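One structure is given below, encoded as structure tokens.
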Amino acid sequence: MDTNPPDHSINFCQACAIRNRAICADLESAEIDLLNKIGSRRRLKPGEQILWEGEEAVLVANVIEGVLKLSTQTVDGKEQILGLAYPSDFLGRPFGSTTPYGVEALSDAHVCTFRRSDFERFAREHPRLEHKLLERTLSELDRTRRWMLLLGRMNAEQKLASFLLETSERLTPADCAFTMDEAPMQFTLPLTRQQIADVLGLTIETVSRQFSKMKKDGLIDLPTRREVTILERAALEDLAG
């Protein structure tokens, strides 16, 4: 855990790159100033963990840059990736005593952290933030339901197509979203192929075959093993069903 005291000399919130998409988006300037005083910025390296499953919920955080994974340990000690966190996503469990999952950076990441007790007190005193928390919770529930459908009902090519579409959308800046259907889009996969296989409930051989088939069919290009370019987005959406 980062023990350095927060630097309040700069209003990080007002200059935040994801200010309009974050959980604090609906707050007024005076409320942002107050929130800034209880938060601190922290940079993470790949592999660095910020939350630990089952431990006391001391921190909550908002992702500013980078991609992090949410994971749990199965009864036989294996890691199960539950999902990914992208810029503007909220991490942790406000109003909960323990953390339900571990959170680890997959890339260089930048997060805004709050002591849970401070954040809970602020949320109770500022209904706009409490309302946003409820909205995020419901959105996360909807995303979880879609993920259950993906794992339970889709075949291998539908699963990978859905994963690539969601990843590209989550990694695309909001001000560039209008260009997604108009031109090829390149992005870096936040997971290895083995991790993608684990997330989708497939084997790494199946994932590799599907990547090769999509490339052969002209839907995507693979400049490197971790780089993906979506060439035919509409066709990929049709494939995802």
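Filtering the range 54-70 for residues that are over 24 Å from Gln210 (Cα atoms) and touching a residue at least 60 places away in the same chain (Cβ under 8 Å) leaves an empty set.
Would you say Gly201 is modelled with pLDDT of 90 or more and at positive phi? The answer is no for Gly201. Select from the range 102-158 the residues that are within 30 Å of Leu202 (Cα to Cα) and assigned to a strand (DSSP E or B) and list them in ascending order. Those that are within 30 Å of Leu202 (Cα to Cα) and assigned to a strand (DSSP E or B): Gly102, Val103, Glu104, Ala105, Ala109.
Among residues of the range 111-135 being exposed (fewer than 15 other Cβ atoms within 10 Å of the Cβ) and among the basic types (Lys, Arg), the one that is modelled with the lowest pLDDT is Arg128.
Rundown of residues vs (1) of a type in the set (Lys, Arg); (2) touching a Leu at 6+ places or on another chain (Cβ under 9 Å); (3) assigned by TED's automatic domain parsing to the domain that holds Arg121; (4) within 23 Å of Ser117 (Cα to Cα), yes/no style:
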| site | (1), (2), (3), (4) |
| --- | --- |
| Ile38 | no, no, yes, yes |
| Arg43 | yes, no, yes, yes |
| Gly47 | no, yes, yes, no |
| Trp52 | no, no, yes, yes |
| Val63 | no, yes, yes, yes |
| Val67 | no, yes, yes, no |
| Thr72 | no, yes, yes, no |
| Ile81 | no, yes, yes, no |
| Tyr86 | no, yes, yes, no |
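Checking every residue in the range 62-77 against the condition of being among the charged types (D, E, K, R) and modelled with pLDDT under 85 gives zero matches. Would the range 21-37 turn up any residue that is part of a loop (DSSP other than H, G, I, E, B), within 20 Å of the chain's Cα centre (by Cα) and at pLDDT 80 or above? No, the range 21-37 has no match at all.
Just the residues that are under 22 Å from Thr188 (Cα atoms) and buried (at least 18 other Cβ atoms within 10 Å of the Cβ), please, taken from the range 92-109. Working first, answer last.
Step one: list which residues in the range 92-109 are under 22 Å from Thr188 (Cα atoms), which gives 103-109.
If the condition is that a residue be under 22 Å from Thr188 (Cα atoms) and buried (at least 18 other Cβ atoms within 10 Å of the Cβ), then Val103, Glu104, Ala105, Leu106, Ala109 are the ones that fit.
Apart from one condition, Gly66 fits all of (1) surrounded by 16 or more Cβ atoms within 10 Å (Cβ to Cβ); (2) closer than 20 Å to Leu133 by Cα; the exception is (2).
Within the range 207-231, residues that are within 14 Å of Ala156 (Cβ to Cβ) reach partners that are of a type in the set (A, V, I, L, M, F, W, C) and not in a loop (DSSP other than H, G, I, E, B) with beta carbons closer than 6 Å, at six or more positions or on different chains, in the pairs Val207/Ile196; Val207/Ala197; Gln210/Ala156; Gln210/Leu160; Met214/Ile220.
The values are calculated or read from the model by the stated rules, or taken from the named source; none is laboratory data. Values in this document were obtained by computation on a predicted structure and should not be read as measured data. Every residue, glycine among them, receives a Cβ derived from its backbone with ideal geometry; neighbour counts consider all protein chains shown.
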